[in-house]
Amino acid sequence: MAERIDGLLYWEQLGRTGRPLVFLHPIHLDHSAWVYQMAHLSTWFRCIGIDAPGYGRSPTADPGLTMMDIAQACWEAVDEITDEAPNLLGCSLGSALTWHMANQLAVRFARLEGLGCRSDPRCAPC
């Protein structure tokens, strides 16, 4: 389990078939920021919205939390759902998380899309 996080991250899934598509929300929001996109794309993908620690229904985190801790926790949430290589989609904080997740397990994801973040794995949320 990811260090500094008091439990497993909360997630919701829409759609039962297709490649998993993981949605990672912007800072100050939760997975519901993607509700319309998830509803639309669930026809073709298994859409998975994950709440970052301290957001939505996810547990809080201890001081010293790093982006790598959050990325690890996101992979743990994905692993609860599927062993398929997911597409990762994030905005702002979520975009930074996609890069950190890719750095941790480059062979585990199929495609990465980041919105509102530099294309640099060291980027921090805005």
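Read-outs: derived from the displayed coordinates by stated rules, not from any lab. Given the structure is predicted, the values throughout are model-derived calculations rather than measurements. In this analysis, Cβ positions are derived from the backbone assuming ideal geometry, glycine residues included, and neighbour counts consider all displayed protein chains.
Just one of 56, 64 is small (Gly, Ala, Ser), touching a residue at least 24 places away in the same chain (Cβ under 8 Å), surrounded by fewer than 14 Cβ atoms within 10 Å (Cβ to Cβ) and not in a strand (DSSP E or B); which is it?
That would be 64, the only listed residue that is small (Gly, Ala, Ser), touching a residue at least 24 places away in the same chain (Cβ under 8 Å), surrounded by fewer than 14 Cβ atoms within 10 Å (Cβ to Cβ) and not in a strand (DSSP E or B).
Go through the residues of the stretch 15-24 one by one and say whether even a single one is of a type in the set (S, T, N, Q) and not in a helix (DSSP H, G or I).
Yes, the stretch 15-24 contains at least one residue that is of a type in the set (S, T, N, Q) and not in a helix (DSSP H, G or I).
How many of the residues making up the stretch 70-104 are crowded, with 18+ Cβ neighbours inside 10 Å and either in a loop (DSSP other than H, G, I, E, B) or out of contact with any Leu (no Cβ under 8 Å at 6 or more places or on another chain) (or both)?
Qualifying residue count, the stretch 70-104: 6.
Looking at the stretch 26-38 only, could you name the residues that are closer than 18 Å to residue 81 by Cα and among the hydrophobic types (A, V, I, L, M, F, W, C)? Break it down into steps so the answer makes sense when it comes.
Going residue by residue through the stretch 26-38, those that are closer than 18 Å to residue 81 by Cα are 31, 38.
Selection gives 38 alone.
Which members of the stretch 11-41 meet the condition of being in contact with a Phe, Trp or Tyr (Cβ under 9 Å, 6 or more places away or on another chain) and hydroxyl-bearing (Ser, Thr, Tyr)?
The one that is in contact with a Phe, Trp or Tyr (Cβ under 9 Å, 6 or more places away or on another chain) and hydroxyl-bearing (Ser, Thr, Tyr): 17.
Given the conditions (1) aliphatic (A, V, I, L, M); (2) surrounded by fewer than 20 Cβ atoms within 10 Å (Cβ to Cβ); (3) in contact with a helix residue (DSSP H, G or I) (Cβ under 7 Å, 6 or more places away or on another chain); (4) not in a loop (DSSP other than H, G, I, E, B), report the number of the one that residue 27 does not fulfil.
Only one criterion in (1) aliphatic (A, V, I, L, M); (2) surrounded by fewer than 20 Cβ atoms within 10 Å (Cβ to Cβ); (3) in contact with a helix residue (DSSP H, G or I) (Cβ under 7 Å, 6 or more places away or on another chain); (4) not in a loop (DSSP other than H, G, I, E, B) is unmet by residue 27, namely (4).
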